[in-house]
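The values are calculated or read from the model by the stated rules, or taken from the named source; none is laboratory data. In this text the structure is predicted, and so the values were computed from the model without any measurement. Cβ placement follows ideal geometry from the backbone for every residue including glycine, while neighbour counts extend to all protein chains displayed. Accessible surface is based on the protein model in full, side chains and every heavy atom, while ligands, DNA and RNA are left aside. Shrake-Rupley method; radii C 1.70, N 1.55, O 1.52, S 1.80 Å.
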Amino acid sequence: MINFPEGFFWGSSISAEQSESRVKNDNKGLTTWDKYYELEPYKFHNNIGPDKTTGIYEQYISDIELLKKTGHTVFRTSISWARLIPNGTGEINQKAVEFYKDYFTKLKENGIEPIVNLYHFDTPLKLEEEFGGFASKKVVDAFSQYAKTCFELFGDIVKKWVTFNEPIVSVEMGYLKQYHYPLEVDSKKAVQVAYNIALASAKAIREFKNIVKDGQIGIILNLTPAYPRSNNLYDLKAAEIAELFANNSFLDPAVKGQYDKRLIDIIKKHDLLPEYTQEELNIISQNKVDILGINYYQPLRVAARASLPNPDAPFMPEYYYDYYSMPGRRMNPHRGWEIYPKGLYDISKNIKENYNNIPWFVAENGMGVEGEEKYRVDGMIQDDYRIEFFKEHLEWLHKGIQEGSNCMGYIVWTTIDCWSWMNAYKNRYGLIELEYDTQIRRIKKSGYWFNELSKNNGF
Ligand code: BG6
C-alpha cells in the first residue's frame with residue numbers, strides 16, 4: 001500500500017472554454033477560439049469548434065454528483081473571462097456571476113474545494129482585435145482588473161486561486177508555432193507576451209492580497225524536465241538551455257520574483273529584450289506565488305544540434321538544441337507523447353532543491369486516448385491503461401514526497417471528456433466518458449478506481 005500524507009487532496013481539472021459550452025442567451029462574449037474556428041474550421045478535429053463542448057454550464061449540478069462518485073475532494077476549473085466580462089473590460093454579465101457563484105457554492109456544499117484559474121488560453125476576442133492580446137500592456141491591466149473583479153465577486157467562496165494555466169503554451173503556440181490564435185511567428189512578440197503574462201500574474205496577485213486575506217494564489221506551469229541525450233558536454237549544454245526556456249522562464253519570475261541571468265543573456269544576444277520598466281520588475285519581485293500547480297505529461301529530451309542554425313530564420317529556442325527521440329522510449333501513440341513517470345519525481349526534487357520547497361500540487365497528469373469506445377465492456381470503458389498510468393506516476397510522486405517534497409495533492413486531466421483546442425474530442429482524457437452527440441456521461445473504470453484511491457488516500 002502506498003499512503004499519501006494526511007490532508008492530501010484528490011481531484012481533476014478542466015477549463016471553462018473546454019467544458020462549459022455556449023448556450024443561447026447566456027451573454028458570453030466571443031473568444032479568440034471562436035474567431036479561429038470561424039476562419040479555419042477544418043483545422044479542428046472533425047470540425048468541432050468551441051460552441052458545443054461538454055455542457056457543464058447547464059449540467060453542473062448533476063456533474064457535481066459525478067465528482068462525488070469519483071472521489072473528488074478538490075476540483076479545478078477556470079472562469080471564462082469572456083463569459084464574465086464579454087468585452088474583456090467594462091460591463092459584467094450578471095448571468096455569468098450567478099452561474100459561477102452557484103457552481104462554486106454547490107461544489108463546496110458537496111465537500112469539494114474549488115481551485116479556480118483565471119486564464120486558460122481563452123482571450124476575449126475584443127481585447128485581441130483592439131489591442132493585440134497579451135502583447136499589449138493594456139491587456140495586462142485589463143487582466144488585473146478582471147482578476148480583481150473575480151476576487152471581489154467570488155473570493156468569499158473560493159480560497160484557492162490560480163492566475164494562468166501553462167503560459168508558455170500561449171507564447172509558443174500563439175507566437176512561434178501557429179497552433180493558437182493569433183497564429184504568428186514573431187520571436188520578439190513571443191518574448192514580450194511571456195514577460196507581459198508574468199507581469200499580469202504578479203499584478204493579479206497584488207490585487208488578491210488586498211481582497212482575499214484568507215486564501216492562497218498560484219500559477220500553473222507545465223514542466224517538461226529537459227534531459228540530455230548523453231553526458232557529452234554539448235548535449236549537457238543543450239539540455240541546460242532547453243530547461244531555461246521551457247521551465248525556468250516562468251518558474252523563476254513566479255516563485256523567485258526574478259529571471260535567470262543566463263536566460264536574460266540569451267534573450268539579449270538575440271536582440272529580443274521586451275519593453276519593461278523598473279517599476280514592473282518591482283511588481284514581479286514583490287508579488288510571488290504562494291502555491292504552484294504543475295502539469296506533467298512528458299519529458300523534454302534534447303541533444304546538441306547536428307547542424308548550424310540559420311542565422312536569418314526567426315529565433316526559436318531550438319536554435320540551441322535538437323529534439324532527441326531516445327531509442328526504446330515508451331510512447332502514448334495517440335498523443336505522440338513519451339510516457340516517463342520518473343519525470344514527476346525529478347520535478348519534485350527540482351522544486352524542493354531549487355525553488356524553496358514551495359507547496360505545490362500536480363494540477364494535470366493524464367493520458368489521452370483515441371477511440372476509447374473499443375474498450376467498452378458491459379457498458380463501461382475499461383481504461384486499465386489509464387489506471388496504470390496514474391499508478392506509475394503516483395509511485396514516483398510518493399517517493400518524492402517521502403524525500404521531503406512539499407506536494408499537497410494530485411489532480412488529473414480531466415474530469416469529463418472535454419474539447420481540447422485543435423484536437424477537439426480526438427483524444428479522451430476523462431475519468432468520465434462523454435457521449436458527445438447526446439451529452440450523456442458515464443463513469444469509466446478509472447473513475448471508480450479514482451474514488452477508491454481518494455477514499456484510501458493511496459493504493
Ligand atoms: C494541457 C492543457 O496542456 O493539455 C489542456 O492545459 C489540454 O487544456 C490538455 O486539453 C491535453 O491536450 P491535448 O492536446 O492532448 O488534447
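Would you mind classifying the stretch 216-286 by shape? Square roots of the alpha carbon gyration tensor eigenvalues, ordered a ≥ b ≥ c; an a/c under 1.5 is rounded, otherwise it is prolate if a/b is larger than b/c and oblate if not. Here the stretch 216-286 falls in the oblate category. Taking 17 Å as the straight-line reach from the Cα of residue 177, the lysines in range (excluding those fewer than 8 positions away in the same chain) are 43, 188, 189. For the chain, rounded, prolate or oblate, judged on the Cα gyration tensor with a ≥ b ≥ c (square roots of eigenvalues), a/c < 1.5 rounded, else prolate if a/b > b/c? In terms of gyration-tensor shape, rounded. Taken per residue, the accessible surface of the chain reaches 40 Å², heavy atoms only and a 1.4 Å probe.
In the chain, carbon and sulfur make up what percent of the accessible area (probe 1.4 Å)? The C+S portion of the solvent-accessible surface of the chain is 49 percent. When peptides 431-439, 345-353 are sorted by average Cβ neighbour count within 10 Å, with the highest value leading, the order is 345-353, 431-439.
Magnitude of the charge dipole for the chain, about its Cα centre and with charges confined to Cβ atoms of Lys, Arg (+1) and Asp, Glu (-1), is about 580 debye. Which lysines, on any chain, are close to residue 349 with Cα under 26 Å apart, when same-chain ones fewer than 8 places away are left out? Residue 349 reaches 160, 237, 256, 261, 288, 391, 399. Between residue 24 and residue 442, the FRET efficiency from the beta-carbon distance, with R0 = 25 Å, is close to 0.40. Charges were assigned to the Cβ only: +1 to each Lys and Arg, -1 to each Asp and Glu. The resulting dipole of the stretch 288-438 about its Cα centre is roughly 540 debye. Taking all Cα-Cα distances within the stretch 399-459, those exceeding 15 Å account for 60%. So, in Å, what gap is there between the alpha-carbon centers of the stretch 259-322 and the stretch 331-350? The two parts, judged by their Cα centres, are 22 Å apart.
Relative to one another, the C-alpha centroids of the stretch 44-98 and the stretch 364-392 are positioned 24 Å apart. Note that the stretch 148-164 has calculated 3J(HN,Hα) couplings of 4, 4, 5, 5, 5, 6, 10, x, 7, 9, 8, 10, 10, 10, 9, 7, 9 Hz, one per residue in order, obtained from phi through the Karplus relation 6.51 cos²θ - 1.76 cosθ + 1.60 (θ = phi - 60°); glycine and proline are x.
With θ taken as phi - 60° and the Karplus curve 6.51 cos²θ - 1.76 cosθ + 1.60 applied, the whole-hertz 3J(HN,Hα) list for the stretch 419-432 is 6, 10, 6, 5, 6, 6, 9, 4, 9, 9, 10, x, 6, 10 Hz, x standing for glycine and proline.
Just grab the label-to-label distance for residue 331 and residue 231, each label 7 Å out from Cα along the Cβ direction, in nm (one decimal). It works out to 3.0 nm between the two label points.
Annotation: amide H of residue 223 within the under-5 Å range of 295, sequence separation 5 or more or interchain, hydrogens built in the peptide plane. Amide H contacts under 5 Å for residue 409: 9, 362, restricted to partners 5 or more places along the chain or on a different chain, H placed in the peptide plane at 1.01 Å from N. Each Lys and Arg contributes +1 and each Asp and Glu -1, all at the Cβ; summed about the Cα centre of the stretch 246-355, the dipole is approximately 620 debye.
The length gained by stretching the chain between residue 276 and residue 156 to full extension, at 0.36 nm per residue less their Cα-Cα distance, is 39.8 nm. Can you tell me what share of the DSSP beta bridges in the chain is antiparallel? A percent to the nearest 5 is fine. The antiparallel fraction comes to roughly 30 percent.
Which of rounded, prolate or oblate describes the stretch 1-135 when judged by the alpha-carbon gyration tensor and an a/c cut-off of 1.5? Prolate is the answer for the stretch 1-135, as a/c is 1.5 or above and a/b outweighs b/c.
Label-to-label distance, residue 105 versus residue 285, with points set 7 angstrom from Cα along the beta-carbon direction: 4.4 nm. Of interest is the spacing of the C-alpha centroids, which for the stretch 118-140 and the stretch 189-209 amounts to 12 Å.
Only Cα pairs under 8 Å and 6+ residues apart enter the sum, and on that basis the relative contact order of the stretch 267-406 stands at 28 percent.
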